[in-house]
C-alpha cells in the first residue's frame, strides 16, 4: 500500500485497531509455537470474542482467505502489519528518562522494527548528552528543535507530574501527533493529537476494584 | 461503608470506574496546587467530557454537594476513595521481577496506601529469597502457597511470554481475582477473574496508528 493510499485510507475504529494488534500478538505466539494455520474460532476463543467478530474485522481490512485449513499465520501477520504499521519507520521520543522510562525503553526497542524509541529527554545533566538505555538523551530545553530534527511523531510522557502539563505546548510545537501519557496528570491536548492514558496507578486501581469482592 | 455493604453494593460500569479514578488524579493535582474547590465543568474540561457526565457520575456514587463554590476537593477525594478503594489494604503480587517489573514496583508503591505490591515472584535464584525493589521476592515454584499466605488478590503478570500462559492455573489456584497483564501473551482466564491487558507494545502501536497521518 503506498503512502498516499495509507493517508487516504479511512481510519479504523479504535477497538478494531486494538483487536488487530491483539490478533497479531496471538499470531506471533502461534508462529513461535510452530503453528502454520489458525481458524477464526481459535483466534476468537483466545481473546474471548466471537469468530464472527474476527471474520468481520479481517473482512473490514480486506483480508480474504479461502483455504479450509484456516488463516495462514505468517501471511496474516504480514497483512495486519500493512494496516497497523507505518510504511516507513516511525520515531518515538520519551520525555523524562527516569528508571521506569529506561526500563520501558529497553523493553520496547527491538520488539517492533517500524516503531522505535530514538530519542530521550531529561533535565538531569548526568543524562543529557549521553546515551541512556541505548538511545541518545537530550536536554529537555532542546526538546522542540530536537524532536523536529529527529522527526518524532509520537512521545511517551514519563516525566514527573509537576512538569508534565508544561510539556503540552512544546509537544504541539514539535509537531508530535500521538502521546502515550504515562504520568498521572491528565493532559489537555487538542483533537489533532491522539492521547492514550497509560497510568499504571489508574489501571491497577481498576483491576483492584473489580477484583476485591470476587471471592 | 462496612465491608458487607461494599460486597453487597452493585459494581459500577468499567468506564465509570476509570473516570472516577481520573477525577481523583485531577483532584489530587488540584490539591497539590492549593485549590480547595472545583466546579463540575472544570473537572469535565480537564478530561474532555461534559459537565453533565461528571455530575451524573457523582450522583451515581451518591455524592451530593450544594455549595455554590463547587465541589470541596479534599472531601470529594475522600468520597471517591470510599468507592474505589478496598476498606482494607489489598495486596498485589508481581510475577516476574525483571528490570521493568522492579521499576514499576518502585514507581507504584507509596502512591496509594490501600494498594501495595507486597510480594514478587521469579525463577532467578539471585532474586528468590531476597528483597528486590523493596519487596520480598519468592521463587516462582512457591507461588500458590505464598500468594495464599500473603492474601494476594491482584497480580501483575510481567514474566516472559513463554511462561505467562503457564501461570494461569497457579493464579486461579491461589484465589487471585484480578490480573494486570503486562505481557504480550493473551491469557485465557474464566470470567471470575478480571483481566486488563496493559501491554505497552499494543498501546504504542495504537497511538502510532492514529498519529501517523495526523500532519
Which of the helices (runs of 4 or more DSSP H) contained wholly in region B:38-91 include at least 1 residues that are at pLDDT below 90?
B:40-47, B:73-84
Checking the conditions here, which among A:117, A:152 is surrounded by 15 or more Cβ atoms within 10 Å (Cβ to Cβ), under 13 Å from the mean Cα position of the chain (by Cα) and touching a residue at least 12 places away in the same chain (Cβ under 8 Å)?
A:117
The lone exception for residue A:113 - which of (1) at pLDDT 90 or above; (2) under 30 Å from residue A:29 (Cα atoms); (3) away from chain B (no Cβ under 11 Å) it fails:
(1)
Every listed condition ((1) in contact (Cβ under 8 Å) with a residue 40 or more places away in the chain; (2) surrounded by 15 or more Cβ atoms within 10 Å (Cβ to Cβ)) holds for residue A:122 save (1)
In region B:92-101, anything in a helix (DSSP H, G or I) and surrounded by fewer than 23 Cβ atoms within 10 Å (Cβ to Cβ) is listed as B:99, B:100
Filter result (over 30 Å from residue A:108 (Cβ atoms) and either assigned to a strand (DSSP E or B) or under 12 Å from the mean Cα position of the chain (by Cα) (or both)) within region B:102-114:
B:114
Identify, please: which residue in region B:162-195 is within 7 Å of another protein chain (Cβ to nearest Cβ) and surrounded by fewer than 17 Cβ atoms within 10 Å (Cβ to Cβ) and is, among those, farthest from residue A:197 (Cα to Cα)?
B:175
Just give me the residues in region B:25-37 being closer than 15 Å to residue B:58 by Cβ and either at the interface with chain A (Cβ under 10 Å from one of its Cβ atoms) or assigned to a loop (DSSP other than H, G, I, E, B) (or both), in sequence order.
B:26
Please go through region B:27-37 and pick out each residue that is surrounded by 17 or more Cβ atoms within 10 Å (Cβ to Cβ) and more than 17 Å from residue A:188 (Cα to Cα).
B:37
Among the residues of region B:15-24, are any in a loop (DSSP other than H, G, I, E, B) and at pLDDT 90 or above?
no
Looking only at region B:71-85, count how many residues are surrounded by 18 or more Cβ atoms within 10 Å (Cβ to Cβ) and either under 26 Å from residue B:159 (Cβ atoms) or touching a residue at least 60 places away in the same chain (Cβ under 8 Å) (or both).
3
Among the residues of region B:53-61, are any away from every other protein chain (no Cβ under 14 Å) and closer than 22 Å to residue A:194 by Cα?
yes
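The values are calculated or read from the model by the stated rules, or taken from the named source; none is laboratory data. Predicted model, so just to flag it, every value in this text is computed and none were measured. Cβ sites come from the backbone with ideal geometry, for glycine too, and all protein chains shown count toward neighbours.
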